[in-house]
Amino acid sequence: MLTRTSNWWNITRYAILSFGALVMMVPFLYMISTSFKSHAFVLELPPRLIPSAPTLENYQRALTTNHFGLYFFNSAAVSVSSTFITVVLSSMLAYAFARWDFPGRNVLFYAMLGTMMVPALTLIIPQFVLAKQLHLLNSRWGLVVVYSAGTAFNMFLLRGFFEEIP
């Protein structure tokens, strides 16, 4: 049974959530509307959400110039391969830590968790030096190796999942 207080609370909660959703959607909607504007109207003040003369020229130029297909392929190849490698390595590590009893298991597990305490920014120079020594600079494989290296958090989450399976 709903009382007046709970009904009022639900209305207030939905109003706050709707306002928050609107605040989050406005920049996205502005970005989409700006993509349909010509260059002369992009920085107009006050800005208009709905362009007066919408055009597809920006999309045409983006897709036909500047090697869009190559850039899209590079992004897709790096993201798919690094995701695949990360999932495979993390799940194998997590399964080993969750199911196997081997000497030094806890020490290795906590050492891997300790790597999460190192800020990623401090690893930029060592990663660059390693990529240079492995001749992976300016290559897709260099990006894949760097993006696949941070498996500690994924391993931590999957280990908890594997421990809950009977």
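The values are calculated or read from the model by the stated rules, or taken from the named source; none is laboratory data. Values in this document were obtained by computation on a predicted structure and should not be read as measured data. Positions of Cβ are backbone-derived with ideal geometry, glycine not excepted, and every protein chain shown enters the neighbour counts. Calculation scope for accessible area: heavy atoms of the full protein, side chains included, ligands and nucleic acids excluded. Shrake-Rupley method; radii C 1.70, N 1.55, O 1.52, S 1.80 Å.
Observations on the model:
- If you plug the beta carbon distance of LEU121 and THR12 into 1/(1 + (r/R0)^6) with R0 = 41 Å, you get a FRET efficiency near 0.45.
- Rounded accessible area per residue of the range 7-65, 1.4 Å, Å²: 83 Å²
- Principal axis dimensions, largest first and in whole angstrom, of the range 7-65 by Cα: 54, 26, 14
- For the range 68-164, diffusion coefficient by Stokes-Einstein and Kirkwood Rh (Cα), 10 °C, 1.306 mPa s, µm²/s: 106 µm²/s
- Relative contact order, percent, the range 7-65 [alpha-carbon distance under 8 Å, six or more residues apart]: 30 percent
- Cα-Cα separations in the chain greater than 29 Å, expressed as whole percent: 57 percent
- Peptides 10-23, 125-138 ordered by packing proxy, namely the average of other Cβ atoms within 10 Å per residue, highest first: 125-138, 10-23.
- Two tests apply to each whole DSSP H helix in the chain, Cα reach of 24 Å or more along its axis and mean Kyte-Doolittle hydropathy of at least -1.0, and the ones passing both are 4-35, 68-99.
- Area of TYR71 that stays accessible when all protein chains are in place (1.4 Å probe, Å², to 10): 120 Å²
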